[in-house]
Amino acid sequence: MENLDFFKELSVTAAELIITYAPKVLLALVVLLVGLRVINFIMKVINNKLVQTNVDATLRPFAINLLSWTLKIMLFISVASMIGITTSSFVAVLGAAGLAVGLALQGTLSNFAGGILILIFRPYKVGDLVETQGRLGTVKEIQIFTTILSTPDNKMAIIPNGAIMNDEIVNFTTLGKIRVDLTMGISYGADIKKAKEVLEQVMLAHPKVLRDPLPFVGVSELGDSSVNLAVRPYAIPQDYWAVYFDIYENGKIALDDNGIEIPFPQMDVHMKN
C-alpha cells in the first residue's frame, strides 16, 4: 500500500509539473524557432543594406557574423528566462561556463583577437593577393576566427586569424604593382645583347605587362651550361600568373625564332678501344 501511495503521489507531482511547465516549454520552443528565423532574416536585410551602401567587403562578413552571434545569445537567455531559469543565475552559470570554455579554447580566443586586429590594422583586405602561413592566395573572406584564401590552383585555404597575426604577411596588392621573376638560360655561344632585346620585345608586346616600371632583362648567373638571364616584367597582382606563363612560353618561341639556343644538360662520352 505504501508503494502504491508513493506512485500515486509521484504521478500527481509529475502531472502538476507537466501542467505547469509544458506550456512554458512549448512557448519557449516556438519563440526559439521563430527567433532564429527572424535573426536570419534580419542578417540578410542588414547584409543587403551594407552591400548597397558599399560598406567595405572586409568588414561586412565580420560584422554580420558578430551581430548574428550576439542576437542568438540574447535569444537563448530570453528563452531560458521564459522556462523559469532566473536571468541572474543563468548569467552566473554562463559566466562560469564561459571561463571554463575560455581556458579550454585559448586558441579560438586568440583567433578572435587576431580577427579584430586584422580589421583594425588592415594588413590586407578582401581581394588582396597575400602570402602567409606558407600559403599564397587571394583573400575571399575575413571571418571572426579565420581568413579564407583562394589559391592559384583553385583550392580554398582556411587559415586561423591568430596564426596569421603571429606570422609574416606579404601583401602583393597594396602597392598596386608586382614584379614577375623569371629566369631563362641561353648558351654560352649565343649573343647576349640580341637575346636581351628579343626578350624585352616579348615583354613589351604583352598587353598585361606594365610600361611603368619598364621590364628588365639582365645576366643573373653564369651557370654550368648556360648564361642565365633574369627576366623581370611588372604586372598588376591579378595578372601575375597570366604574365608568368605567357612570358615563359612566348620567350621560348621568340628565342627559337631568332636562332638563340636554350641549352639543356648533356654529357659527352668518349670511348677508347
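Just so you know, all these numbers are worked out from the coordinates, no wet-lab data involved. What you see is a predicted model, and the numbers here were worked out from it, not measured in a lab. Note: ideal-geometry Cβ built from the backbone for every residue, glycine included; neighbour counts use all protein chains shown.
The figures follow:
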| item | result |
| --- | --- |
| Peptide ranges 211-219, 178-186 listed from the most packed, as the mean C-beta count within 10 angstrom indicates | 178-186, 211-219 |
| Positive dipole terminus of the range 131-273, leading residue within 248, 147, 233 (C-beta point charges) | 147 |
| Per-peptide average of other Cβ atoms within 10 Å, ordering 241-247, 25-31 highest first | 241-247, 25-31 |
| Pairwise label distance in nanometres, residue 143 with residue 69, each label 7 Å out on the Cα-Cβ vector | 1.1 |
| Set of lysines near residue 24 by C-alpha distance (under 22 Å), chain-local residues within fewer than 8 positions excluded | 72 |
| Residue 34 versus residue 192: modelled label distance in nm, points set 7 Å from Cα along the beta carbon direction | 8.3 |
| Over the range 134-205, relative contact order from alpha-carbon pairs under 8 Å, at least 6 apart, % | 15 |
| Distance violations [Cα-Cα > 28 Å] among 155/196; 44/177; 49/208; 125/252; 44/140 | 155/196; 44/177; 49/208; 125/252 |
